[in-house]
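The values are calculated or read from the model by the stated rules, or taken from the named source; none is laboratory data. Everything numeric here is computed off the predicted structure, so don't read it as measured data. Note that each Cβ is placed from the backbone with ideal geometry, even for glycine, and that neighbours are counted across all protein chains shown. Just so you know, the surface numbers come from the protein's heavy atoms only, side chains and all, with ligands and any DNA or RNA stripped out. Shrake-Rupley method; radii C 1.70, N 1.55, O 1.52, S 1.80 Å.
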Amino acid sequence: MKKTLLIIFTLCLVILGACGKEETASTSGKDKGLQKVTLMLDWYPNAVHSFLFAAEEKGYFKEQGLDVNIEMPADTNDPLRLVAAGKIDMAMSYQPEVLVARGEDIPVQSFAAIVRHPLNQVMVPEDGPIQSPKDLVGKTVGYPSIPLDEAIIHTMVKAEGGDAQKVKMVDVGWDLIPAMATKKTDALIGGYINHEKLLLDKEGHPMRTLNPADFGVPDYYELVMVGSEKGLKEKPEVFKKFVAAITKGQKYVAEHPEEGLSILLKHEEKSSPLEKDIETKSLDILLPLMDAKDQPFGYQDPATWDKVASWLKDTNVINQKVNPADSFINIK
């Protein structure tokens with residue numbers, strides 16, 4: 001009897017093992033059928049990336065036949081370079097940076113606008129004397145030594161009738177928060193309203209912000225999705241599927257912000273841990289700025305590209321004429 005039971009038990013194990021192998025093979029075959037795509041973020045994972053991780057977790061990428069590998073850059077200059085070199089398929093970057101790259105004959109194109117308005121805004125102490133850009137004359141502005149930030153300050157000050165040459169720009173690197181917290185500078189540019197401002201507020205240094213778009217700077221797209229010209233021409237269907245998936249991801253986050261944020265927090269970079277209260281406030285700020293209204297998510301207005309390209313040329317951020325129409329493509 002024991003021998004019979006042992007034989008039956010052994011046969012069950014063999015059958016179960018075969019079923020397991022068949023299931024694994026089936027799953028493996030299914031995964032092999034997915035198109036592998038490499039996406040590099042602009043920075044470490046934070047609230048603005050919630051739609052991507054929602055698309056991954058909810059299976060929207062797989063629905064489109066995509067297996068998307070989301071990577072973080074070792075350097076903020078890496079994404080555009082790696083896309084142009086064909087090392088990665090797509091990346092998150094900034095509209096002005098795409099135009100600067102085009103001016104340097106780097107063949108990249110934006111294929112979706114993610115954050116449709118500037119996050120990089122001038123920050124000044126809320127209880128301080130600086131009420132408008134003109135008040136920056138004779139003051140120090142801390143920034144991470146980026147030409148774009150200088151152009152923003154100069155344009156804003158000039159728009160208010162001030163002498164931009166009398167604004168002292170101080171390179172503080174990326175130590176923007178300490179520079180303001182220790183009163184090393186009178187104002188900041190290079191920090192984001194959904195990050196540095198929130199952290200400064202939390203640390204007891206409430207900030208007033210001045211939006212560049214209110215003072216002569218074109219209302220540019222802060223964050224965009226970028227691919228190489230070659231990739232967009234050779235694999236248009238991959239980008240179309242990707243946009244379809246992230247559109248569903250953004251819709252999910254907009255309708256379920258708490259769940260979207262919970263998904264994000266599971267993907268935080270251990271070396272750059274997230275603060276839930278900050279990311280919650282950040283997402284509240286971001287969602288309206290990511291809304292394309294009556295246009296599809298990611299839609300890009302040609303007029304916006306024209307205005308930003310002209311402004312960058314006028315302010316000498318780019319030194320050669322760039323055709324804005326070559327810098328972006330709307331995925332249909």
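Quick look at the values:
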read-out: Test for residue 80: is it open to solvent by 10 Å² or more (accessible area, probe 1.4 Å) and in contact (Cβ under 8 Å) with a residue 60 or more places away in the chain; value: yes
read-out: Residue pairs meeting the criteria (Cβ under 6 Å; at least 6 apart or on separate chains; first of a type in the set (Asp, Glu), in the range 181-210; second assigned to a strand (DSSP E or B)); value: 186/140
read-out: Criterion: assigned to a helix (DSSP H, G or I), touching a His at 6+ places or on another chain (Cβ under 8 Å) and open to solvent by 10 Å² or more (accessible area, probe 1.4 Å) - qualifying residue of 244, 254, 213; value: 213
read-out: Verdict on residue 313 being open to solvent by 70 Å² or more (accessible area, probe 1.4 Å), out of contact with any Phe, Trp or Tyr (no Cβ under 9 Å at 6 or more places or on another chain), in contact (Cβ under 8 Å) with a residue 60 or more places away in the chain and in a helix (DSSP H, G or I); value: no
read-out: Single unsatisfied condition, residue 298 versus (1) open to solvent by 20 Å² or more (accessible area, probe 1.4 Å); (2) closer than 18 Å to residue 39 by Cα; (3) assigned to a loop (DSSP other than H, G, I, E, B); value: (1)
read-out: Failed item in (1) at pLDDT below 95; (2) within 19 Å of the chain's Cα centre (by Cα), with residue 192 passing the rest; value: (1)
read-out: Residues of the range 105-151 satisfying the condition of being among the basic types (Lys, Arg) and either open to solvent by less than 20 Å² (accessible area, probe 1.4 Å) or assigned to a loop (DSSP other than H, G, I, E, B) (or both); value: 116, 139
read-out: Test result for residue 203, at pLDDT 95 or above, within 23 Å of residue 176 (Cβ to Cβ) and in contact with a strand residue (DSSP E or B) (Cβ under 9 Å, 6 or more places away or on another chain); value: no
read-out: Scope the range 285-295; condition part of a helix (DSSP H, G or I) and surrounded by fewer than 16 Cβ atoms within 10 Å (Cβ to Cβ); matching residues; value: 288
read-out: Set 197, 183, 166: member being more than 22 Å from the chain's Cα centre (by Cα), at pLDDT 95 or above and either within 30 Å of residue 300 (Cα to Cα) or open to solvent by 50 Å² or more (accessible area, probe 1.4 Å) (or both); value: 166
read-out: Within the range 263-284, tally of residues that are in a helix (DSSP H, G or I) and either of a type in the set (Lys, Arg) or open to solvent by 60 Å² or more (accessible area, probe 1.4 Å) (or both); value: 4
read-out: Residues of the range 88-104 classified as part of a loop (DSSP other than H, G, I, E, B) and not acidic (Asp, Glu), total; value: 2
read-out: Residues satisfying the stated conditions in the range 267-299, i.e. free of Cβ contacts under 8 Å to residues at least 60 places away in the same chain and of a type in the set (Lys, Arg); value: 270, 276, 293
